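Have a look at the structure below, then the notes.
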């Protein structure tokens, strides 16, 4: 075996191990069309053979919002910072729905695609990225619905809504951050579930519990009033400042320090980086364990 | 040496059997905690010591070879020799345990027909999706769409969901995409087994064209006819080691004779399914009066099977299941029952008349079974892949016709009788 041409230029060298930070970004860029095609496929397939079709995108959050309004708003009588209950819950719900859907779907990446991954190589990150794109479209539909309700309500006098136009401009950034955060958590979990299937169980109800640690069904001001000393701890949940800022922008609820948002961005970046590193490390050999 | 497109340098792949982690976080944590405290691992099953040495095995050990432009390389070997593992390493599906693989250019691997096809999508959408999965840009696919559709011969159905396709159409479409990927190295694993003969020929033609046009093909198949037609180089893998690298003719000889040259084969070491072989075990087989395990039509195979039994059994039989070259069972036959005592080592000489088996390549599966008269049978030991053998074509026996197994099947019935 001559190894004389070791110094020659090769397009790809496959080695047993690679560094933790050896992430195939070039490959991901090359496969960007696949991300889009997978996104298109997800979207086309999502509601095949359902009667109501894409209407489900709207029905799910709408019904949840109605239930929240009735249970938490009317029965429990939780205050909603002086804005109409329905819009208050809808704002939280639309954001949370996006986050939880991204998280749940991306966390199953390896297990759901093991058939495909076992037969052909492409950068595995393509799959979670396309999932998040799909969910963004779902979000967009729900968001438009939210805007419709918002405009109808705000047109009435004394609606209690004070939209903050400057903050509204931040919406794309908030959405991006939420998507990146969900992607980060999702791929961490997906990397771990290749070895530990129990995590898949944990995620499903963990997301449910997480929702109650997030101001979806109540307002942060309740925490601030009842347990002011715990507010800092509460704000460590990186989703909380995102939802709060979103509500502040569109509904005009009281806003908390931007410092919390900065912290949330830092946490998001950290989670995402850990996720990508863990995911890239797992994708090389997961076929042997899955 | 800029002709080189692929270098495999000392590639090895180790698999761990059984212990692929506890599978649950709790299991791994308790094992780890026990280790920390210096106690026995609570998750290790007691009484399985004899499996312990089996828990790691090398699917590939120190394999090195090069592929240059224009090479059409056949990768031959018995089932479990490591061919598929090798292809998986080159396709980057899993990483090698040791060694290095260097690639220049684009690799298209067709380890399975229609990878990533989605049943609900139309043929055209699937071409895009499948092409993109294999690394083509969208614009490249659009540019080649016409050629792909033409090659696949399914133009009228291109906008129909593939779930309505026949399996033949499916294969045609999938191969068409891969063939137009314009790869520098094309890897094919047994994918042409489906599809009609004419299309098979067309695919082989396309692959030869790829090789001739200065690219490389790496081909795995048990179908020697396609191998000899396509390949100009042969590699022979035996239990994870590359034992031959040279002409395709010699590699095919090794492959055809690899079971034959070891006219006696040690069956004791062959891995079994679950508890098969615990109470009774086949130890070795000797094929007699043959050099290459090639038999004439209507001939007779003869072998001696050495076994050991730990329990008494009054009605033991040796059962033989005939399988075709891709391990699909075709027929079964067995011996008369005989008696064995406990802790007895016995050797039986068996004759297997080959009447009616069509020319081609077959695999023998052997079992030690006992059956009650009411039809219940107990399997003591089973080996799926005891040996391959070949029945040579003899047109005289077939009334002057050359047997065509892809159309006529693997069994030759008695002649029709005209009144």
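Brief remarks follow.
- For residue A:262 and residue B:209, a Förster radius of 41 Å and the Cβ-Cβ distance give a FRET efficiency of 0.10, rounded to the nearest 0.05.
- FRET efficiency, 1/(1 + (r/R0)^6) with R0 60 Å, evaluated for residue A:229 and residue B:342 via beta carbons: 0.15
- 17 Å cut-off, amide nitrogen to a point 7 angstrom out along residue B:392 Cα→Cβ, residues in region B:362-377: B:362
- Angle in degrees between helix A:55-68 and the longest Cα principal axis of chain A, rounded to the nearest 10: 50 degrees
- Given their separation in residues at 0.36 nm each and the Cα-Cα distance between them, residue A:45 and residue A:269 gain 77.5 nm when the chain is fully extended.
- Label point distance in nm, residue B:16-residue A:66, each placed 7 Å from Cα along Cα→Cβ: 5.2 nm
- Working from label points 7 Å from Cα in the Cα-to-Cβ sense, the residue A:30 to residue B:33 distance is 4.6 nm.
- Taking every Cα-Cα distance in the protein assembly as shown and sorting them into 10 Å bins from zero, the calculated P(r) comes out as 3, 12, 18, 20, 18, 14, 8, 5, 2, 1, 0 percent.
- For chain B, the orientation-averaged shadow of the C-alpha convex hull comes to 27.8 nm² (one quarter of the hull surface).
- Over chain B, Cα pairs under 8 Å with separation of 6+ residues give a relative contact order of 14 percent.
- Number of partner chain Cβ atoms within 10 Å, mean per residue of A:110-120: 4
- Neighbour counts of other Cβ atoms within 10 Å put B:15, A:89, A:258, B:362 in the fewest-to-most order A:258, B:15, B:362, A:89.
- Using a simple spin-label model with pseudo-atoms 7 Å out from Cα toward Cβ, residue A:76 and residue B:418 lie 9.0 nm apart.
- Rounded D (µm²/s) - region A:23-179, Kirkwood Rh over Cα pairs, Stokes-Einstein at 25 °C, 0.890 mPa s: 138 µm²/s
- Per-peptide packing, taken as the mean over residues of other Cβ atoms within 10 Å, places A:149-161, A:91-103 in the sequence A:91-103, A:149-161 from highest down.
- Helical content alone sets the calculated 222 nm signal of chain B at -7500 deg cm²/dmol, taking -39,500 (n - 2.57) per DSSP H segment of four or more residues and averaging over every residue.
- Förster radius 41 Å - calculated FRET efficiency between residue B:145 and residue B:290 (Cβ-Cβ, nearest 0.05): 0.20
- Each stretch of four or more DSSP H residues adds -39500 (n - 2.57); spread over every residue of chain A, this sum gives -20500 deg cm²/dmol at 222 nm.
- Fraction in percent of alpha-carbon pairs per bin - 10 Å, region B:58-259: 9, 36, 35, 17, 4
- Each of B:322, A:116 was scored by other Cβ atoms within 10 Å of its Cβ. Arranged with the fewest first, they read A:116, B:322.
- Distance between region B:326-342 and region A:181-251 - C-alpha centres, whole angstrom: 63 Å
- Arranged from fewest to most other beta-carbon atoms within 10 Å of their beta carbon, B:354, B:293 become B:354, B:293.
- Per residue, the convex hull around the alpha carbon atoms of region B:267-408 comes to 121 Å³.
- Descending Cα extents along the principal axes, region A:54-289, whole Å: 62, 43, 34
- In degrees, nearest ten, helix A:258-283 long axis to first principal axis of chain A (Cα): 30 degrees
Every number here is computed from the coordinates shown, using simple stated rules; none is lab data. Not measured: the values here are computed from a predicted model. Cβ coordinates were reconstructed from backbone atoms using ideal geometry, including for glycine residues, and neighbour counts include every protein chain displayed.
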